[in-house]
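The values are calculated or read from the model by the stated rules, or taken from the named source; none is laboratory data. In this text the structure is predicted, and so the values were computed from the model without any measurement. Methodologically, a virtual Cβ is constructed for each residue, glycine included, from the backbone with ideal geometry; neighbour enumeration extends over all protein chains shown.
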Amino acid sequence: MNRSDILKGSKTALPIVLGYLPLGFAYGALARHAGLELWVLAMMSLVVFAGSAQFISVSMLAAGAGAASIVATVFLVNLRHLLMSASLSPHLQKYPRRVLPLLSFWLTDESFAMASGEFKRGERGHLFMLSLFATAYIGWVTGSILGGLLGGLFGGTVAAVTMEYALYAMFIFLLVAQASERKLVLAACFSGALSLLFYLHIPGSWYIILATVCTATLGVMTEKWKESSL
């Protein structure tokens, strides 16, 4: 076992963990305020491991929504994972097949962004990626349990504000870390503008997926046009 890869993967995941701890804490606190038992909210983090989906599930459970509507909503919200998986799959071809289910389960927006940045700097072994993803997972579960245990000390509003701040701060950090070239900055700005436009005119959670697909398509077409003009 290559301990160096494991240590490097865990170190790389530290920015994600720093965001997941307060975010998971906020989820745990809100879940307790919504009436969920500690073991239920902990199992949701262990088995589901999807921040936005867990927040949505908690709010829908508190509103008395049925299981079918919760499952359908979570499915739509997490459709973006198909795009992220497709983007990472070329780099995982040489990985042992036994590790792919774990990487698939642990894949999140933040771990995807970090993994993409690492692959741009060169190929990474499966132990590095497993360590990166697992460390982020442990951070989220730990934050959730702490929130469930200590969330009663804070009001639901405080927990919600903490969640919102932590979420935005973490995504801003990841965006800045990835935007190392001019074309990436332009792609980020274009995707953000499209996402806002779609959000204002398209109901539901499709605006993120549509903005991502449109930006990726434009990027591919631009690269092919550059290659053909050379």
Checklist entry - Within the bounds of the stretch 20-30, is there any residue that is surrounded by fewer than 22 Cβ atoms within 10 Å (Cβ to Cβ), hydrophobic (A, V, I, L, M, F, W, C) and either touching a residue at least 60 places away in the same chain (Cβ under 8 Å) or assigned by TED's automatic domain parsing to the domain that holds GLU123 (or both)? => result yes
Next on the checklist: Just to be sure before I move on: is ALA86 out of contact with any Ser or Thr (no Cβ under 9 Å at 6 or more places or on another chain), under 21 Å from GLY19 (Cα atoms), of a type in the set (A, V, I, L, M) and modelled with pLDDT under 90 in the structure I sent?
Outcome noted: no
Next on the checklist: Between PHE154, PHE133, PHE128, which is more than 13 Å from the chain's Cα centre (by Cα), at pLDDT 70 or above and either assigned by TED's automatic domain parsing to the domain that holds THR222 or aromatic (Phe, Trp, Tyr) (or both)?
Outcome noted: PHE128
Next on the checklist: Conditions first: (1) of a type in the set (Val, Ile, Thr); (2) within 24 Å of PRO22 (Cα to Cα); (3) at pLDDT 75 or above. THR217 passes all but one, so which condition is the exception?
Outcome noted: (2)
Checklist entry - Can you find even one residue in the stretch 80-91 that is in contact (Cβ under 8 Å) with a residue 40 or more places away in the chain, at negative phi and not basic (Lys, Arg)? => result yes
Checklist entry - Can you spot a residue in the stretch 40-48 that is out of contact with any Lys or Arg (no Cβ under 8 Å at 6 or more places or on another chain), among the β-branched types (Val, Ile, Thr), more than 21 Å from PHE133 (Cβ to Cβ) and at pLDDT 80 or above? => result yes
